[in-house]
Amino acid sequence: MTTHSFTHEQLLDRLGETSVRVGLNIQPGQQLVITAPLDAVALVRRVTEHAYRAGASLVTTFYADDETTLARYVHAHDDAFDTAPTWMADGIARAFREGAARLAITGANPTLLAGQNPERIARANRANSAANRPAMELITQFAVNWNIIACATPAWAAQVFPELPADEALEALWQGIFASSRVDREDPVAEWKAHNARLNTRAEYMNTARFDALHFTGPGTDLTVGLADGHLWAGGAELAGNGVVCNPNIPTEEIFTTPHCARVEGYVCSTKPLFHQGTLIDNIAVRFEAGRIVEATASKGEDVLKRILDTDEGASRIGEVALVPHSSPISASNILYCNTLFDENASSHIALGQAYTKCLTDPEGQSTEELIARGANDSLIHIDWMIGSDKIDVDGIKNGERTPLMRAGEWV
């Protein structure tokens with residue numbers, strides 16, 4: 001691994017190019033839909049330029065602003081929180097159905113809604129999830145090429161580096177993003193090709209092994225996660241349903257699959273805080289019976305956690321399990337990013353809610369009921385939280401036989 005000295009503008013341009021060439025692999029004539037915070041304008045411009053160079057026919061960006069988001073919770077009438085822009089969500093879903101690629105740029109203030117009414121937050125989240133479901137189903141089915149990258153913002157940087165002056169915090173966060181996204185290397189495209197090959201090799205091993213379940217053990221954790229019937233492991237670059245090979249997450253260090261939503265037993269504690277839509281939820285501890293969370297506590301944000309679990313029938317079950325070595329570059333940086341895109345790549349994790357049906361053999365044409373019968377959870381939400389550390393062991397179980405997979409957070 002060789003890193004080089006580039007200016008901030010060069011690194012920003014390289015991140016934009018990597019998102020287009022590696023993350024999205026934009027095809028000639030394809031449209032691109034971007035969602036981004038206002039602070040990401042400079043990065044959006046770099047992405048847009050590289051997308052048009054790659055042959056995109058149209059790039060459309062929807063910007064979000066933390067201040068106007070917060071204003072709703074401070075000033076809106078109580079009956080406003082069951083409303084969502086369904087018209088816009090329907091338009092985005094139509095764009096995906098017609099072949100548009102999707103890029104999400106993350107960077108919102110992780111604790112924007114701290115101190116706001118948790119019931120209003122839950123209602124707004126439920127309304128937004130319902131409105132966005134047609135679009136999100138196309139993403140979880142991996143029907144189109146999509147990608148998530150990050151943009152450093154002052155509010156986010158202040159959360160990650162509270163001890164630094166504002167300008168130094170912002171620069172430190174940018175450096176973390178550039179390094180973990182591998183754009184500070186001589187040839188980011190070649191770096192990603194090699195990294196994807198390593199992740200794909202690990203996923204292929206798990207697909208050959210065909211374990212029935214995974215067993216996580218460690219402090220506060222004794223959790224058996226059954227795997228869905230006909231599950232598939234994935235990681236790194238993948239083939240989308242439209243025939244385009246893309247990298248959904250930049251950065252990424254995980255391999256992941258679909259658990260069986262009725263075959264999860266035991267208890268588990270979070271190993272990192274969860275920052276969910278402006279709320280901090282810390283020290284999560286849950287117990288599963290027959291796949292469902294029957295007890296849940298948290299030292300902070302417990303009321304929000306319980307409202308999340310009440311979103312719908314599938315919200316208290318899991319739709320993803322992912323394995324990440326403790327020595328991953330993001331973990332080794334010792335930075336808590338307060339952002340799931342990064343923190344999930346520092347630690348093995350599970351996700352409440354919707355399963356990725358792309359992690360099943362032959363899901364095409366099967367109804368929601370048939371997919372649930374195979375173990376694929378169905379929900380309005382998909383929320384990752386971290387359960388891995390250097391104190392967690394993982395075994396694969398097949399026909400009652402155990403195979404060590406991870407010891408003290410590292411691959412055996």
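The values are calculated or read from the model by the stated rules, or taken from the named source; none is laboratory data. Since the model is a prediction, treat every value here as computed from it, not as a measurement. Positions of Cβ are backbone-derived with ideal geometry, glycine not excepted, and every protein chain shown enters the neighbour counts. Surface accessibility is based on the protein's heavy atoms, side chains included, excluding ligands, DNA and RNA. Shrake-Rupley method; radii C 1.70, N 1.55, O 1.52, S 1.80 Å.
Things to note:
- Residue in region 308-320 that is in contact with a Phe, Trp or Tyr (Cβ under 8 Å, 6 or more places away or on another chain) and at pLDDT 95 or above present: yes
- Every condition in (1) modelled with pLDDT of 95 or more; (2) part of a helix (DSSP H, G or I) is met by Glu370 except one, and the failing one is (1).
- Considering region 210-253, the residues that are of a type in the set (Asp, Glu) and within 17 Å of the chain's Cα centre (by Cα) include one that is farthest from Val394 (Cα to Cα), namely Glu238.
- Any chance Lys358 is open to solvent by 10 Å² or more (accessible area, probe 1.4 Å), among the charged types (D, E, K, R), touching a Phe, Trp or Tyr at 6+ places or on another chain (Cβ under 6 Å) and in a helix (DSSP H, G or I): yes
This table checks each residue for (1) in a helix (DSSP H, G or I); (2) at pLDDT below 95.
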| residue | (1), (2) |
| --- | --- |
| Ala84 | no, no |
| Phe96 | yes, no |
| Ile105 | no, no |
| Ala108 | no, yes |
| Ala122 | yes, yes |
| Ile139 | yes, yes |
| Val144 | no, no |
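- Residues located in region 238-272, provided they are among the hydrophobic types (A, V, I, L, M, F, W, C), open to solvent by 20 Å² or more (accessible area, probe 1.4 Å) and touching a Cys at 6+ places or on another chain (Cβ under 9 Å): Leu239, Phe256
- From the list Glu163, Glu137, the one residue that fits, being farther than 25 Å from Gln31 by Cα and charged (D, E, K, R), is Glu163.
- Top-ranked residue of region 161-173 - restricted to ones that are open to solvent by 20 Å² or more (accessible area, probe 1.4 Å) and in a helix (DSSP H, G or I), ranked as farthest from Thr7 (Cα to Cα): Ala166
- Meets criteria (in a strand (DSSP E or B), touching a residue at least 40 places away in the same chain (Cβ under 8 Å), more than 30 Å from Leu305 (Cβ to Cβ) and open to solvent by less than 40 Å² (accessible area, probe 1.4 Å)) for Leu32: yes
- The residues in region 312-355 that are within 19 Å of Asn132 (Cα to Cα), touching a helix residue (DSSP H, G or I) at 6+ places or on another chain (Cβ under 6 Å) and open to solvent by 20 Å² or more (accessible area, probe 1.4 Å) can be counted, and the count is 1.
- Subset tally (residues that are outside any strand (DSSP E or B) and surrounded by 23 or more Cβ atoms within 10 Å (Cβ to Cβ)) for region 273-300: 1
- Scanning region 111-124 for residues that are under 17 Å from Leu352 (Cβ atoms) and open to solvent by less than 30 Å² (accessible area, probe 1.4 Å) yields Ile121, Ala122.
- Residue in region 370-392 that is more than 23 Å from the chain's Cα centre (by Cα), β-branched (Val, Ile, Thr) and closer than 17 Å to Val225 by Cβ present: no
- Residue within region 343-359 that is aromatic (Phe, Trp, Tyr) and at pLDDT 95 or above present: no
- Across region 378-395, the number of residues qualifying as touching a strand residue (DSSP E or B) at 6+ places or on another chain (Cβ under 6 Å), buried (at least 21 other Cβ atoms within 10 Å of the Cβ) and under 19 Å from His326 (Cβ atoms) comes to 6.
- Scanning region 228-237 for residues that are open to solvent by 10 Å² or more (accessible area, probe 1.4 Å) and of a type in the set (A, V, I, L, M, F, W, C) gives Leu232, Trp233, Ala237.
- Some residue of region 77-96 being under 15 Å from Gly16 (Cβ atoms), open to solvent by less than 70 Å² (accessible area, probe 1.4 Å) and of a type in the set (Val, Ile, Thr): no
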